[in-house]
1. Quick check, is residue 239 modelled with pLDDT under 95 and either part of a strand (DSSP E or B) or not aromatic (Phe, Trp, Tyr) (or both)?
2. Determine whether residue 149 is without any contact (Cβ under 8 Å) to a residue 24 or more places away in the chain and not charged (D, E, K, R).
3. Of all residues in the range 89-114, how many are open to solvent by less than 80 Å² (accessible area, probe 1.4 Å) and in contact with a Leu (Cβ under 6 Å, 6 or more places away or on another chain)?
4. Which of the residues belonging to the range 16-43 are under 15 Å from the mean Cα position of the chain (by Cα) and surrounded by 21 or more Cβ atoms within 10 Å (Cβ to Cβ)?
5. Kindly indicate the residue of the range 179-205 that is without any contact (Cβ under 8 Å) to a residue 12 or more places away in the chain and within 17 Å of residue 161 (Cβ to Cβ) and also most open to solvent (accessible area, probe 1.4 Å) among those meeting that condition.
6. Do you know which of the residues in the range 206-219 that are free of Cβ contacts under 8 Å to residues at least 40 places away in the same chain and within 22 Å of residue 20 (Cα to Cα) is most open to solvent (accessible area, probe 1.4 Å)?
Amino acid sequence: MLFGDYHTHTLFSHGKGTIEDNCSRAVEIGLKEIAITDHGFLHLLYRVKKKKFFDEMIGECERLRAKFPSLKILLGVEANLMGLDGRIDVLPHEMDKLDIIVCGYHKFVRTWKLKDHFDFFWPNLLGFKTKRRTAKNTDAFVKMIEKYPIDIISHLNLGIKTDVKEIAKAAKHFGTYIELNGKRIVLTDNEIETIAKVGAEFIINSDAHSPDRVGDFKVGLERANRLGIPALQIANFEKVPKFRKQNIN
């Protein structure tokens, strides 16, 4: 049994349900924990707006913690990797308000630097997969893990090419989980086996964009079972994940 679902979306970005809908579904199917992780603040299409996050979402989660005492509700974001220096679209002082940080690459994000617009945004949007591009992307992910208390890397290699072995080494060292995503896994079997051999831990999430898909772990479980990933290497399998962000609060 998977203990919790740590990557779900709501109407605050481009999900189809409320925070309460997601929490109600989690309780219905017997989950012990859920994370609300709407898209980061600088996504060009689906971002959660800071005012709504700080004025509404925090208060709503507090209300629902009282309504659903059997469910631990974490509030975070699915942040965006912004450029080659590993920067993400959550500022240091904003991290104090987050229970969890999921982060990954998304195509349509605003970059901090003009250089990143031309040397990160466009090359990846256009699908460049040269050795040099892969090395730069990999270095950006490693810097991201080093700089910030990233709990989960979401859908690794979706829309971007990296060297997963190097990212797995950094993830293992710093305690960041690599997600087996419930919507789609673009990692090859060989890449997943490489991550496992390095010793990094996986976490299986739904990436639910509607309440009925909260706790839908079939895609990740099928891949983990088929490849023989040890249960001890799945952070939310019958146990509570040890998130970096919570350890520094």
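The values are calculated or read from the model by the stated rules, or taken from the named source; none is laboratory data. Values in this document were obtained by computation on a predicted structure and should not be read as measured data. Every residue, glycine as well, gets a Cβ built from its backbone with ideal geometry; the counts of neighbours run over all protein chains shown. Ligands, DNA and RNA are excluded from the accessible area calculation, which covers all protein heavy atoms including side chains. Shrake-Rupley method; radii C 1.70, N 1.55, O 1.52, S 1.80 Å.
1. It is true that residue 239 is modelled with pLDDT under 95 and either part of a strand (DSSP E or B) or not aromatic (Phe, Trp, Tyr) (or both).
2. Criteria not met by residue 149.
3. 5
4. Taking the range 16-43 first, the residues under 15 Å from the mean Cα position of the chain (by Cα) are 34-41, 43.
34, 35, 36, 37, 38, 39, 40, 43, listed by residue number.
5. The first filter runs over the range 179-205 and keeps only residues without any contact (Cβ under 8 Å) to a residue 12 or more places away in the chain, leaving 188, 190, 197.
From what's left, within 17 Å of residue 161 (Cβ to Cβ): 188, 190.
Working: 188: 69, 190: 110 Å².
Among them, the one singled out is 190.
6. Here the answer is 213.
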